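Here the structure comes first, spelled out in structure tokens, and everything after it is commentary.
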Amino acid sequence: MSSAVLRAATGASASRPSDALGASRGPRVAWRGCVAARASSAGPSDWDLAGAPDGVVLRLAKRLERAWRELPDVADAPCAPDLKSVDAIAEDGDPTTAVRIENLVFTNAAFRKMHLEVAWGLGGLEVMHVVMYPWASVAAPIYAADLVAFNGRVTLCIADVCPTARNGDSPGADRVASEPNANIHDVPKPLAAAAASLRDAMLARAPSIEPRGIPDWGVPILSQEACVCVGPPKDDFPEQKQAEAFAEYAFGLFEAYAAYATETARRSSETETDDERLATRARLAAQTFFCEKQLENDKTRKALERSMGAERTDRYMTQVLFDVNERTPTEAVR
């Protein structure tokens, strides 16, 4: 990613040192509504991707993993062992229902939860799913991306920095961010500028790339400025120029986003004003709304239920994929 895009994301000047992800900073201890339990001091764990098909999906996942491990003070976030690694098949043994799911779930001072999933099976399906939830006390959107392939051919690509505020520069504007009919399609200006630059680069790599429609459940939570949704045509395979161009967009957007959120968390004050407390609560409500809308996607649930069963699927979707609610901690502790 170019230094110009990183500077746009962080607001840094050209003379700023090139630490794109900001300086290491321990989690704050100030009370901010609900405070998380202490994270494990052990380094972040690994996952088992043996057997995962090589291709655009796996390469982007591994690239994100490497970048995550370089973020400041990354540690494991809580995740039930039977959900962190899943190897499941329908009770009738139908081989087309066999699915393998591997997850990384990390946390640090900027992000309450960083979740990266790679899944494969189900008769040739490959999925990479990523969501980065900042602590609600950090004035940053949610990074989310999905890449879906079937027998190696990428069929769906989507990436966004999903807004949690109507105006990223004004805490008071967060107060109605979670209302279903609110216009929350504003992302912080530095990220909007970075997304525009990255989109131009994507189109330069693949001029024929065409947008794909957003499902109804996604419209209220996705941004106008940064969301890219693409459905590469059959003739994009096997070269997959459109898929590769999207992967560069998704990773570049992650870099800009991680730099912005890390710097925002570093600059946050130890004490909050009344407006900041209101903004934290509103961002938590907006993150909750994001999860509620994501859970309306029945396609994911139905695909998993056949292999994992209804109870385990519900736990996976509400505890691993989209877990924010009104009781979710808003601030890390030392």
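Could you check segment 200-230 and list, in sequence order, the residues that are small (Gly, Ala, Ser), crowded, with 17+ Cβ neighbours inside 10 Å and in a loop (DSSP other than H, G, I, E, B)?
Passing the criteria: ALA206, SER223, ALA226.
Testing ALA259 on (1) crowded, with 20+ Cβ neighbours inside 10 Å; (2) out of contact with any Ser or Thr (no Cβ under 6 Å at 6 or more places or on another chain); (3) modelled with pLDDT of 95 or more, one condition comes back false. Which one is that?
(2)
Which residues, counting only those in segment 301-334, are polar (S, T, N, Q) and out of contact with any strand residue (DSSP E or B) (no Cβ under 9 Å at 6 or more places or on another chain)?
Listed by number, the residues that qualify are THR313, THR318, GLN319, ASN325.
Within segment 231-256, can you find the residues that are of a type in the set (Phe, Trp, Tyr) and buried (at least 24 other Cβ atoms within 10 Å of the Cβ)?
Selection gives PHE246, TYR249.
Only helices (runs of 4 or more DSSP H) wholly contained in segment 1-100 count here; list those with 1 or more residues that are at pLDDT 50 or above and out of contact with any helix residue (DSSP H, G or I) (no Cβ under 9 Å at 6 or more places or on another chain).
Passing ranges, in order: 56-69, 81-84.
Within segment 262-287, which residues are buried (at least 19 other Cβ atoms within 10 Å of the Cβ) and hydroxyl-bearing (Ser, Thr, Tyr)?
Listed by number, the residues that qualify are THR262, THR264, SER268, THR280.
Quick check: anything in segment 305-313 closer than 23 Å to CYS162 by Cβ and among the small types (Gly, Ala, Ser)?
No, segment 305-313 has no match at all.
The values are calculated or read from the model by the stated rules, or taken from the named source; none is laboratory data. Being a predicted model, the structure only gives us computed values, none of them experimental. Positions of Cβ are backbone-derived with ideal geometry, glycine not excepted, and every protein chain shown enters the neighbour counts.
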